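Structure first, then comments.
The values are calculated or read from the model by the stated rules, or taken from the named source; none is laboratory data. Remember, it's a predicted structure, so these values are computed and weren't measured experimentally. Here the Cβ is made from the backbone with ideal geometry for all residues, glycine too, and neighbour counts use every protein chain on show.
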Amino acid sequence: MKDEIVTIDQVNYHLTVAKKIFELRDRWNDNFAWYPVAQNEHYKQFGEIYKESMGKYGEEQFKKYAKLRSLRSEHTKAIGDPGRESFKKVWSMSHMANYKPSPTTNGDYGLVLPGHHHYC
């Protein structure tokens, strides 16, 4: 194996980069370490805010808002939207039973027709 010569300039460059990394981390901790904590506190309040909104504006308006904003299911459990249940069912993959992969390494797209659940 060939010996490599390390110059003083290379050592100084690596020391400078390491020093900048530590300075950046310290600066982030000083200035922005509060942000993830505050963000978690705000996220914890979402459920309560949505519950108050549903009480104030009614379930029908909240359904429209939830659909428009694509709210996570944990916030829309109280609504009981039957359309959301269809996403949870397991789709049959029987249409792929006789599928043989393409002989190429990257595959040719378009050889397999999409399943019935891909059509809206």
For this session: Tell me which residues, restricted to the range 4-52, are small (Gly, Ala, Ser), assigned to a helix (DSSP H, G or I) and either free of Cβ contacts under 8 Å to residues at least 24 places away in the same chain or exposed (fewer than 10 other Cβ atoms within 10 Å of the Cβ) (or both).
Result: 18, 38
For this session: Considering only residues that are closer than 30 Å to residue 72 by Cβ and among the hydroxyl-bearing types (Ser, Thr, Tyr), look in the range 1-48 and name the one that is modelled with the lowest pLDDT.
Result: 43
